[in-house]
Amino acid sequence: MVTGYRPGALDRFGLAPHALADRHPGLVVAQVSAWGGYGPWGGRRGFDSLVQVATGIAVTEGTAERPGALPAQALDHGTGYLLAAAVLRALTEQAHEGGSRLVRLALARTARWLTDGIRPDPAEGEPCPGPDAWLAETDSPLGRLRHARPPLSFTGGPTGWAAPPVPWGSDPAAWR
């Protein structure tokens with residue numbers, strides 16, 4: 001079960017992770033929140049853009065005149081990728097060892113992970129590194145595209161996307 005509510009918001013309806021696990025042994029519960037389940041902001045509501053501001057991404061991506069933002073809701077997307085991986089791991093562990101599992105992810109933690117060690121001090125006037133290290137170019141039926149590289153790599157794994165994008169409606173309705 002995957003929820004996107006702030007920690008504790010569903011507890012009064014009997015949907016706390018421990019209550020669900022008691023009723024449904026072997027259940028994997030995954031929780032995504034803005035700030036995480038602990039600390040002074042743990043019970044607050046939030047979403048990607050607010051977390052970008054609160055974690056300094058708006059300063060890093062902005063100018064002296066105005067705050068900026070990432071070109072996409074990268075915290076939502078990044079946390080979603082991490083959530084999928086964590087759920088798969090929890091399901092694998094559950095299949096081998098039994099029991100229920102709880103997975104908790106927070107947009108603020110993803111922001112911290114994404115910005116750790118790459119953020120220069122804006123007061124020193126250092127330019128932020130450009131995105132070129134994380135981008136690739138691919139020829140496609142739509143022309144030459146500049147796009148993000150796959151989010152992870154491993155020895156023996158693919159080094160790029162399996163196929164480039166194609167015009168809407170040009171693929172047959174079939175599994176590849």
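What follows is calculated from the coordinates using simple rules that are stated; it is not laboratory data. The model shown is predicted, which means the values in this text are computed figures rather than measured ones. Positions of Cβ are generated from backbone atoms using ideal geometry, with glycine treated the same way; all protein chains shown enter the neighbour counts.
Ranking H96, H147 by Cβ neighbours within 10 Å, fewest first, what do you get? Could the numbers behind the result be given before it?
On the way: H96 7, H147 15.
Starting with the residue having the fewest Cβ neighbours, the order is H96, H147.
Counting other beta carbons within 10 Å of each residue's own, what order do H77, H18 fall into, fewest first?
Arranged by neighbour count, lowest to highest, H77, H18 become H18, H77.
Read phi for every residue in the stretch 7-12 and hand back ³J(HN,Hα) as whole Hz from Karplus 6.51 cos²θ - 1.76 cosθ + 1.60, θ = phi - 60°, with x for Gly and Pro.
Along the stretch 7-12, the couplings run x, x, 5, 9, 4, 5 Hz.
Pick from L152, L75, L27 the residue whose mean-square fluctuation is largest in a GNM of the chain, springs joining Cα atoms under 10 Å.
With Cα springs under 10 Å in the chain, the top fluctuation among L152, L75, L27 is at L152.
If neighbour count is taken as other Cβ atoms inside 10 Å, put L91, L20 in order from fewest to most.
In increasing order of surrounding Cβ atoms, one gets L91, L20.
Please list, by residue number, every one of the chymotrypsin sites (Phe, Trp or Tyr not before Pro) in the stretch 131-167 that is coil in DSSP and has at most 14 other beta-carbon atoms within 10 Å. Mind showing how you got there, number by number?
Details: sites: W134, F154, W161; in loops: F154, W161.
Within the stretch 131-167, the qualifying chymotrypsin sites (Phe, Trp or Tyr not before Pro) (loop, at most 14 other Cβ atoms within 10 Å) are F154, W161.
Using θ = phi - 60° and the Karplus curve 6.51 cos²θ - 1.76 cosθ + 1.60, what whole-Hz ³J(HN,Hα) does each residue of the stretch 16-22 get, with Gly and Pro shown as x?
5, x, 5, 5, 5, 5, 5
Only bridges with both residues in the chain count here: give the DSSP antiparallel percent, nearest 5. Display every interim value, and only then the final one.
On the way: 6 of 14 bridges.
Antiparallel bridges: around 45 percent, rounded to the nearest 5.
Amide H to amide H under 5 Å from G68: which residues, 5+ apart in sequence or cross-chain, H placed 1.01 Å off N in plane?
V59, E61, G62, T63
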